[in-house]
Amino acid sequence: MRTNLNIGLFGFGVVGGGLYEVLNRSKLLNATIKSIVVKDPLKKRSIDSSHFSFDKRTILEDDEINVVVELINDSEAAYEIVTEALKRGKHVVTANKKLIAEHLDELIKLSRENNVSLLYEASVAGSIPILRNLEEYYNNDTLSSVQGIVNGTSNYILTQSNKGIAYQDAVKQAQALGFAEADPTLDVEGFDSKFKLILLIKHAFGISTTPEEVFNFGITKLRERDVRFALEKGLRIKLLARAEKIGDQVVGFVAPHFVSPDQPAYGVNNEFNAVSVNALFSDRQVFYGKGAGSYPTASAVLSDISALQFDYHYEYRKSGNDSLSFTDEFKVKIYASSSNENSLKTIPFVESDEFYRSADFSYTTGWVSFHELRQHLKSSPSDLSIIIVEEPLKGIDTNLDRIEENKTTFASV
Ligand code: HSE
């Protein structure tokens, strides 16, 4: 067991401030914050200004500090801090999903070369211990999907919209409660969920993907009519991050979904997150908890710090296995709505079934190739609201759905 963890903390915002309190209140850890570096000397904070420094070298050049906890909201500055800390032989704990999703393989290499740990449980689904479970518990061969609500802000907004609260008011509430990113576009456009999904895919399936490869669409194009449509059908709209194995390929994307009451996501409200893990023998397991906010996120940071006492590091045992690859070539059933019915007619459906038209609102449903849909949305930005319909995804060359694929795998073991 490591005798002493001397922490250098970067950032004293929602999560940094939370960590300070949580660490003070938890008597268990042999860990102390030696220095805190923040950016803005003028900002009013909950503890006396004498606790803060403003120069990153205070931490990075202090040889007594063996753990850097990075909780700032600028991912480029965080990259400089984290790479420098790793090179100087300091363990790093971070909650910065954008940083990790954009530089994961490089950071893993750096942490290995310098024989230190890089831990980031808090970066995915706040308080929920999902990365360590995917890393340690689930076997790659039997895991078939990981999906869920991993962004508290958008879930909070969707929950409020079900209660009739206006979108902009709900965004303001999520910001005031400390759930939203400094730039809430990252939350509502699905980027934050995508960064988290990239980390889930790495730890679930051992595959490295990039933010460019994984497509996301968020909740900003949803309109009141879509919410009403869902409610009338007994469904709810949830922003899901979803990764699934189809044969020997893995697909992953972020999009609003219609969710029925028998799905775990249906009852997940406000800033709560839930991640469902489907595996061949264990079937569905659901991890549920607070996905954003000061103490819940700080609790995951605390857990990583605690794990350092036992020299914990991610092994990435599933990585380096070439039998799986990432693709966006699959078929998915969608609902698309627009105030302009002509926008709906340009969607490259493989098979379409319903079409509803009224003076100010039209919708259609049908199957599309996800890859073609993605190209279509990129090349002709429109007011289209796209929601995924609850049907199993299909491989592009086959009509076998995911369940059938799993049965095939099962039959052949
Ligand atoms: N903005 C993020 C969310 C914070 O709402 O989930 C937690 O990662």
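The values are calculated or read from the model by the stated rules, or taken from the named source; none is laboratory data. Not measured: the values here are computed from a predicted model. Note that each Cβ is placed from the backbone with ideal geometry, even for glycine, and that neighbours are counted across all protein chains shown. Just the protein is used for accessible areas: all its heavy atoms, side chains included, with ligands, DNA and RNA removed. Shrake-Rupley method; radii C 1.70, N 1.55, O 1.52, S 1.80 Å.
For the Cα atoms of the chain, what angle does the longest principal axis make with the long axis of helix 402-412, in degrees from 0 to 90, nearest 10? Relative to the chain, helix 402-412 is tipped by roughly 70 degrees.
Computed extension length for Glu391-Arg374: 4.3 nm, one decimal, from 0.36 nm per residue of separation with the Cα-Cα distance subtracted.
Using the Karplus relation 6.51 cos²θ - 1.76 cosθ + 1.60 with θ = phi - 60°, the per-residue 3J(HN,Hα) values for region 44-52 come to 6, 10, 6, 10, 4, 5, 5, 7, 10 Hz, with x marking Gly and Pro.
Please report the carbon-and-sulfur percent of the accessible area for region 5-123; probe 1.4 Å, protein heavy atoms only, DNA, RNA and ligands left out. Carbon and sulfur: 46 percent of the exposed surface of region 5-123.
In this simple spin-label approximation, Lys172 and Lys27 carry label points 7 Å from Cα along the Cα→Cβ vector, and these lie 4.4 nm apart.
Per-residue ellipticity at 222 nm for the chain, helices alone: DSSP H runs ≥ 4 residues times -39500 (n - 2.57), over residue total, nearest 500 deg cm²/dmol?
-10000 deg cm²/dmol
Taking the longest Cα principal axis of the chain as reference, the axis of helix 191-205 is set at about 80 degrees.
Determine the share of region 284-402's accessible area contributed by carbon and sulfur atoms, expressed in whole percent, with a 1.4 angstrom probe.
Result for region 284-402: 47 percent of the exposed heavy-atom area is carbon or sulfur.
Relative to the dominant Cα principal axis of the chain, helix 97-113 is inclined by about 50°. In this view, the solvent-accessible surface of Glu232, computed with a 1.4 Å probe and all protein chains in place, comes to about 140 Å².
Accessible area per residue of the chain at 1.4 Å probe, in Å²?
With all protein chains present, the chain gives 44 Å² per residue.
Which of Tyr356, Tyr138, Tyr167 moves most in a GNM of the chain, Cα contacts under 10 Å? Greatest mean-square fluctuation among the candidates belongs to Tyr356.
Summing charges over all other residues whose Cβ lies under 13 Å from the Cβ of Ala359, with Lys and Arg as +1 and Asp and Glu as -1, gives 0. DSSP assigns beta bridges within the chain; of those with both partners inside it, close to 70 percent run antiparallel. For the pair region 78-144 / region 1-72, the C-alpha centres are spaced 19 Å from each other. Dipole check for the chain: with +1 at the C-beta of Lys and Arg, -1 at the C-beta of Asp and Glu, and the Cα centre as origin, the magnitude is about 900 Debye.
Find the centroid of the Cα atoms in region 218-257 and in region 172-202, then give the distance between the two in whole Å. Result: 16 Å between the Cα centres.
Can you tell me, using C-alpha contacts under 8 Å and at least 6 residues apart, the relative contact order of the chain as a whole percent?
After rounding, I find 17 percent.
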